[in-house]
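Engineer: Take a look at this one; I'll ask things after.
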Amino acid sequence: MSTRSGPTARADKRLGVVRLVAWIIDWVCILGWVGLTAAVGVPLHLAGLTGGLSYFQLNLIGALVVVVPVVLAAAVTESRPRAATPGKRLTGLRVSKGHGGPSVWAALVRNALKIGVPWLIGHAAVFALTMPGDTSGAVPPIVWLLTAFSYALPIAYVESLFLHTGRTPYDAATGTSVVRVPTHHGHATISSPTPPGPGKSPLRTRIVPE
């Protein structure tokens, strides 16, 4: 049950909607990459050039070619000064940790949990369905379990945007949060830590073009 109420609850729910829109934009970009790899891989498979590979090898190559680059790309964009994937930039959001953005390691773990784990679980379910096995046609329970979990995890991520604090499990696991980018005359301002000194604020604000 949500513990938020009043204006704060409405603001958090709006942020959840914006985060969901950013997520959809990012997945459009991801699907573009999937389409590009398919445009190369499918003709190779149809030409018989992958015929010597096992089901396990084919799925491992698919994961390395598709999932790993996507996770790395998201981690790089979120660990840079703008701390935002394309979807977040277009919707005016950024990833925050402390007084700045996440480190490369935190961004990598964050996106591995957000993108990599659900995708690989779904990949494993497809792999289990397509590999040769029992000729009776019965689907093993493990396949049903993997398939259900591959759907349940993303759904749980989306629901967490609108429950309690609005932080997802991968936010909580990495100590990050997603916030709106404050603007100043059409420019985004990003605060980052700087050593405090006499008469100085502990934060330094940088203004970067939107």
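The values are calculated or read from the model by the stated rules, or taken from the named source; none is laboratory data. Remember, it's a predicted structure, so these values are computed and weren't measured experimentally. In this analysis, Cβ positions are derived from the backbone assuming ideal geometry, glycine residues included, and neighbour counts consider all displayed protein chains. These area figures cover heavy atoms from the full protein model, side chains too; ligands, DNA and RNA do not enter into them. Shrake-Rupley method; radii C 1.70, N 1.55, O 1.52, S 1.80 Å.
Engineer: If Phe162 satisfies all but one of (1) over 20 Å from Gly62 (Cα atoms); (2) of a type in the set (Phe, Trp, Tyr); (3) assigned to a helix (DSSP H, G or I), what's the number of the condition it fails?
Structural biologist: Status for Phe162: all satisfied but (3).
Engineer: If you take the residues of region 118-141 that are at pLDDT 80 or above and open to solvent by 60 Å² or more (accessible area, probe 1.4 Å), which of them is farthest from Val95 (Cα to Cα)?
Structural biologist: For region 118-141, the residue satisfying everything is Pro141.
Engineer: If we keep just the residues of region 45-62 that are closer than 19 Å to His123 by Cβ, more than 26 Å from the chain's Cα centre (by Cα) and open to solvent by 70 Å² or more (accessible area, probe 1.4 Å), which is modelled with the highest pLDDT?
Structural biologist: First, the residues of region 45-62 that are closer than 19 Å to His123 by Cβ: 45, 50, 53-62.
Right, trim to more than 26 Å from the chain's Cα centre (by Cα) and you get 45, 50, 53-55.
Subset that is open to solvent by 70 Å² or more (accessible area, probe 1.4 Å): 45, 55.
On the way: His45: 75, Tyr55: 71.
Step by step, filter region 45-62, then rank; the result is His45.
Engineer: How many residues does region 77-108 hold that are closer than 17 Å to Gly175 by Cα, among the aliphatic types (A, V, I, L, M) and out of contact with any strand residue (DSSP E or B) (no Cβ under 8 Å at 6 or more places or on another chain)?
Structural biologist: Residues flagged as closer than 17 Å to Gly175 by Cα, among the aliphatic types (A, V, I, L, M) and out of contact with any strand residue (DSSP E or B) (no Cβ under 8 Å at 6 or more places or on another chain) within region 77-108 amount to 2.
Per-residue answers, yes or no, for (1) more than 28 Å from Ala125 (Cα to Cα); (2) more than 16 Å from the chain's Cα centre (by Cα):
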residue: Gly41; (1), (2): no, yes
residue: Ala75; (1), (2): no, no
residue: Arg80; (1), (2): yes, no
residue: Arg89; (1), (2): yes, no
residue: His99; (1), (2): yes, yes
residue: Val104; (1), (2): yes, no
residue: Leu108; (1), (2): no, no
